[in-house]
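These notes concern the structure reproduced below.
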Amino acid sequence: MSSLQKRSTNHNYLYTGLVYDEVDMIKLVALDLDGTVVDDQLQIAPRVLELLKHLIEETDTKVVVATGRMHPSALMFAQTIGIKEPLISYQGAMIRSMDPGHELIRHTPLSIDLAKEVVELLVAENCNTNVYVNDTLFINHNDEHAFQYAKLSGVSPTYTENLLEHLNGPATKIM
């Protein structure tokens, strides 16, 4: 019996200081990752993890992750939590199933023409730029910020001096 079940009485559950009269009233919980579920050390607090697993396994509440992270970066956290619903990544630009093949449900990338226009503008302004194409991160800066981002995301970026030559398909995200 989990500590959540031990604290329950007649469907009154104590979650992080809040009491819900009927947990069945909650139909969906949508989670961001960074700074909410995942802390600065890239960890999920045991109490939060216990709560989320309880919601997923013991209730009819749907739990989804909706994050700005790229799919491969968000996937490890979604799997740790035990997410069964589709994973929403890239600020909503991509939705993939949580089945073993991670079937693409929806992808709303920038057109190649628009992506090239944006990248040209950012490069002309000497901006450090990240371009995401086919779940690959391309960067035009090889500095401390790039290393920090790689550590945070758990994804190894590909450094290039010419981002445009890697826009061989629509860009899912540019920043």
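The values are calculated or read from the model by the stated rules, or taken from the named source; none is laboratory data. For clarity, every value in this text was computed on a predicted model and none was experimentally measured. Note that each Cβ is placed from the backbone with ideal geometry, even for glycine, and that neighbours are counted across all protein chains shown.
The set of residues from the stretch 132-156 being in contact with a helix residue (DSSP H, G or I) (Cβ under 9 Å, 6 or more places away or on another chain), over 22 Å from Leu104 (Cα atoms) and crowded, with 17+ Cβ neighbours inside 10 Å comprises Ile139, Asn140. Of the residues making up the stretch 110-138, those that are without any contact (Cβ under 8 Å) to a residue 24 or more places away in the chain, assigned to a loop (DSSP other than H, G, I, E, B) and of a type in the set (Gly, Ala, Ser) number 0.
Residues in the stretch 85-131 that are over 27 Å from Asn142 (Cα atoms), among the hydrophobic types (A, V, I, L, M, F, W, C) and crowded, with 17+ Cβ neighbours inside 10 Å: Leu87, Ile88, Ile95, Met98. In the stretch 60-74, the residue that is farthest from the chain's Cα centre (by Cα) out of those that are of a type in the set (A, V, I, L, M, F, W, C) and under 14 Å from Ile44 (Cβ atoms) is Val63.
On inspection, Thr160 qualifies as farther than 22 Å from Leu49 by Cβ and surrounded by fewer than 17 Cβ atoms within 10 Å (Cβ to Cβ). Residue check: Thr172 meets all listed conditions (1) of a type in the set (S, T, N, Q); (2) without any contact (Cβ under 8 Å) to a residue 24 or more places away in the chain; (3) closer than 19 Å to Asp34 by Cβ; (4) touching a Pro at 6+ places or on another chain (Cβ under 7 Å) but one, namely (2).
If we scan the stretch 20-32, do we find a residue that is hydroxyl-bearing (Ser, Thr, Tyr), at pLDDT below 90, over 25 Å from the mean Cα position of the chain (by Cα) and surrounded by 17 or more Cβ atoms within 10 Å (Cβ to Cβ)? No, the stretch 20-32 contains no residue that is hydroxyl-bearing (Ser, Thr, Tyr), at pLDDT below 90, over 25 Å from the mean Cα position of the chain (by Cα) and surrounded by 17 or more Cβ atoms within 10 Å (Cβ to Cβ).
Can you confirm whether His141 is in a loop (DSSP other than H, G, I, E, B), within 30 Å of Asp40 (Cβ to Cβ) and either touching a His at 6+ places or on another chain (Cβ under 9 Å) or at pLDDT 95 or above (or both)?
Judged against the criteria, His141 is not a match.
Of the residues making up the stretch 39-49, at least one is at pLDDT below 90 and over 14 Å from the mean Cα position of the chain (by Cα).
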